[in-house]
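Colleague: Structure incoming, see below.
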Amino acid sequence: MKDMQTSFTCQEYGDSAVLINIENDDYEVRWLTVQLLGDAMREKTSLGIIDVVASFQSVFISFDALVINHSQVFEIVKDELQSDLTPRVPNHFKIPIVYGDVFGPHINQVAEICGISVDDVIEIHSGQDWAIRFVGSPIGAPFLDGPKFPVSVPRLTTPVTRMEPGSVAVSGLQSIIYNAPSPGGWQVVGRTPVKLFDLETNPNVPYRAGDRIRFIPILPSDWDNWNKYFHQVKL
Amino acid sequence: MNTANISIERVGYAVIQDLGRPGLAKLGVSANGAGDQRSARLANILVGNDDSHAVVEVIGSDLVFVTDADLLICVTGAAKTVLIDELPHGTYETLVIPAGSRVIIPGPEFGQRTYLGINGELHGKRILGSFAPDSFLEFGERLTSGSQLIVDSSFDMEIPGNELPVFRFSVPHEIYSKKFTLTATLGPDVSRLKGGEQSFVQEFEVLPQSDHVGMRLSGVGLDIGTAGEILSRGVPIGAVEVPPSGELIILLRGRLVTAGYPVVAVLTKCSIDRVSQARPGDSVAISIIDMDRAQLELREMETKIQDLKSRVGKAFKSRGWEKLLSH
């Protein structure tokens with residue numbers, strides 16, 4: 001992960017965690033460094049590392065404070081950041097989605113905010129591949145780049161108490177898929193019938209940070225044809 | 001090995017629980033598990049179980065049950081007493097329950113979480129290695145009157161030395177009131193707090209919107225300024241967040257693994273257990289300590305737990321109860 005322009009800061013984050021911030025002017029370098037550091041730290045469970053969350057520009061690392069301490073974790077991080085950057089080869093996934101209506105209750109609002117038609121919203125959202133930046137909560141939610149709407153879509157003024165599982169929501173220039181019923185504050189444009197999180201498979205989600213997702217618009221009448229777990233779907 | 005059927009006769013809110021699913025944040029799976037981890041561990045340790053065994057977590061209510069086989073149990077957490085066939089016994093004590101007994105664990109006056117440890121293995125479904133309920137996994141079943149719990153245990157009354165009280169281990173534990181004093185270390189965004197560390201010198205009130213994901217606190221609004229949004233990033237359990245409204249949110253074990261509000265402090269491990277006992281309307285004071293003291297506090301707590309474990313082990317062995325031990 002060696003890069004002359006990349007520096008980082010280490011912060012104590014309670015008695016059993018640290019937060020590593022990666023600094024670099026290049027968004028992609030920053031993100032890739034975060035992800036590779038995250039992967040490396042996940043291999044260190046035998047040293048007392050418990051959880052690692054690598055997101056956009058920071059890596060959260062929790063540990064067993066009876067086994068290892070903050071400065072020892074910082075030392076490991078420093079060593080890992082000395083190794084070379086190897087970009088990932090992304091996998092591509094196609095995710096069917098029903099836009100609008102009860103499936104995407106906020107799509108009209110999003111169109112209005114952007115000053116474009118609903119069809120334009122759909123075209124922009126499904127028109128290109130989006131990178132998965134990280135996998136987060138609720139269970140296995142992919143946090144995606146895009147869509148490139150003309151304006152940054154704000155969060156809902158009043159968060160929704162229950163997003164239906166499969167809801168695809170946007171906020172700013174980001175997109176997320178809710179794999180579980182969840183409260184949420186993002187604007188829902190559509191819903192996928194495919195269940196992405198599967199307890200029976202290992203790993204439980206088929207994708208990881210760096211992979212690409214393309215949304216494929218389908219009709220509500222096709223919902224039941226797709227109402228399956230992801231690993232059962234042949235695209 | 002005996003199989004005991006425990007019939008729940010009366011209960012408010014209770015679930016089968018364990019220490020949760022740490023280590024799965026990479027999948028966006030929350031830790032969950034017993035809100036008061038220390039009390040859950042002690043309930044297991046005092047009946048000879050490994051810390052990680054399933055226990056019953058009762059929240060703010062009575063639990064009444066009848067067993068059809070002999071049991072070795074221990075009650076920890078907020079409850080103050082255990083009635084066995086109407087005779088009162090102590091919590092944090094290893095108790096023998098003869099078959100046919102009715103056990104009443106009265107709901108607590110202060111605090112809210114009570115743990116019932118039972119020697120042996122509770123039957124139940126696990127997901128991703130844990131019994132812990134998780135609303136996102138749509139997993140976990142509330143016990144109701146009429147629910148049956150099944151336990152496989154090597155304990156029975158034929159075992160020698162079963163007179164009550166079986167043991168009296170002196171177990172240091174929390175005494176709850178309406179007031180909770182917590183310790184925390186400063187968080188990464190404390191510099192955004194206009195009042196700095198002084199902002200914490202006040203009492204906060206637990207709001208009713210609190211749940212297993214987060215506890216909301218009201219108080220004199222904290223001024224976090226208008227600096228830009230924080231990109232989603234990993235957050236620890238116990239993080240003290242300040243949303244733009246200025247109230248405090250303490251993230252609990254059901255927290256989503258990433259969040260974007262400024263984190264001004266993080267509760268110590270010991271205080272996360274403690275705060276999980278606070279109810280809406282209770283008051284919470286947060287005192288900021290340095291990291292060395294936080295770690296010392298943590299090590300002291302763990303030393304006491306390990307010491308208890310070894311005392312229980314020795315006591316069980318001295319009565320020839322080796323087969324009951326799994327810790």
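Colleague: Across the stretch A:172-182, which residue is farthest from the other protein chains (Cβ to nearest Cβ) among those that are at pLDDT below 90 and closer than 18 Å to A:Gln109 by Cβ?
Modeller: Filtering the stretch A:172-182 down to residues at pLDDT below 90 leaves A:172-174, A:182.
After this cut, where a residue has to be closer than 18 Å to A:Gln109 by Cβ as well, the list is A:172-174.
Numbers: A:Gly172: 8, A:Leu173: 12, A:Gln174: 9 Å.
The residue in question is A:Leu173.
Colleague: All but one of (1) farther than 14 Å from B:Ile250 by Cα; (2) assigned to a strand (DSSP E or B); (3) among the β-branched types (Val, Ile, Thr) hold for B:Val220; which doesn't?
Modeller: If we test B:Val220 against (1) farther than 14 Å from B:Ile250 by Cα; (2) assigned to a strand (DSSP E or B); (3) among the β-branched types (Val, Ile, Thr), just (2) comes out false.
Colleague: Out of the stretch B:193-224, which residues are more than 27 Å from the chain's Cα centre (by Cα), surrounded by fewer than 18 Cβ atoms within 10 Å (Cβ to Cβ) and in contact (Cβ under 8 Å) with a residue 12 or more places away in the chain?
Modeller: B:Lys194, B:Gly195, B:Glu197, B:Val220, B:Gly221, B:Asp223 - these are the residues of the stretch B:193-224 that are more than 27 Å from the chain's Cα centre (by Cα), surrounded by fewer than 18 Cβ atoms within 10 Å (Cβ to Cβ) and in contact (Cβ under 8 Å) with a residue 12 or more places away in the chain.
Colleague: Here's another thing I want to ask about it. Starting from the stretch B:20-38, take each residue that is without any contact (Cβ under 8 Å) to a residue 24 or more places away in the chain and list its partners that are part of a loop (DSSP other than H, G, I, E, B) and among the aliphatic types (A, V, I, L, M), counting only C-beta distances under 7 angstrom and pairs at least six apart or across chains.
Modeller: B:Pro22/B:Ala31; B:Leu27/A:Ile139; B:Leu27/A:Val205
Colleague: Can you give me the number of residues within the stretch B:50-73 that are touching a strand residue (DSSP E or B) at 6+ places or on another chain (Cβ under 9 Å) and either charged (D, E, K, R) or not assigned by TED's automatic domain parsing to the domain that holds B:Ser154 (or both)?
Modeller: 4
Colleague: Restricting attention to the stretch A:86-107, which residues are of a type in the set (A, V, I, L, M) and surrounded by 13 or more Cβ atoms within 10 Å (Cβ to Cβ)? Step through it out loud before you land on a result.
Modeller: Here is the first cut: in the stretch A:86-107, the residues of a type in the set (A, V, I, L, M) are A:89, A:95, A:97-98, A:102, A:107.
Once the filter is applied, which keeps residues that are of a type in the set (A, V, I, L, M) and surrounded by 13 or more Cβ atoms within 10 Å (Cβ to Cβ), the stretch A:86-107 yields A:Ile95, A:Ile97, A:Val98, A:Ile107.
Colleague: Related question: Inside the stretch A:52-69, can you point out the residues that are in contact (Cβ under 8 Å) with a residue 24 or more places away in the chain and at the interface with another protein chain (Cβ under 9 Å from one of its Cβ atoms)?
Modeller: If the condition is that a residue be in contact (Cβ under 8 Å) with a residue 24 or more places away in the chain and at the interface with another protein chain (Cβ under 9 Å from one of its Cβ atoms), then A:Val53, A:Ala54, A:Ser55, A:Phe56, A:Gln57, A:Ser58, A:Val59, A:Phe60, A:Ile61, A:Ser62, A:Ala65 are the ones that fit.
Colleague: Would you kindly identify the strands (runs of 3 or more DSSP E) lying entirely within the stretch B:89-194 that contain at least 1 residues that are of a type in the set (Phe, Trp, Tyr)?
Modeller: On the way: elements: B:95-97, B:102-105, B:113-118, B:148-153, B:179-186.
By residue number, B:113-118, B:179-186.
Colleague: Being more than 14 Å from chain A (Cβ to nearest Cβ), hydrophobic (A, V, I, L, M, F, W, C), under 26 Å from B:Thr3 (Cα atoms) and surrounded by fewer than 20 Cβ atoms within 10 Å (Cβ to Cβ) is true for just one of B:Val58, B:Val64, B:Val82, B:Val75. Which residue is that?
Modeller: Residue meeting the stated conditions: B:Val64.
Colleague: So how many residues does the stretch B:242-252 have that are in a strand (DSSP E or B) and either surrounded by fewer than 24 Cβ atoms within 10 Å (Cβ to Cβ) or outside the structural domain of B:Ile272 (by TED's automatic domain parsing) (or both)?
Modeller: The number of residues fulfilling the criteria is 1.
The values are calculated or read from the model by the stated rules, or taken from the named source; none is laboratory data. This one's a predicted model, so the numbers in the text were calculated from it and none came from an experiment. No Cβ is skipped: glycine too gets one built from the backbone with ideal geometry, and neighbour counts run over all protein chains shown.
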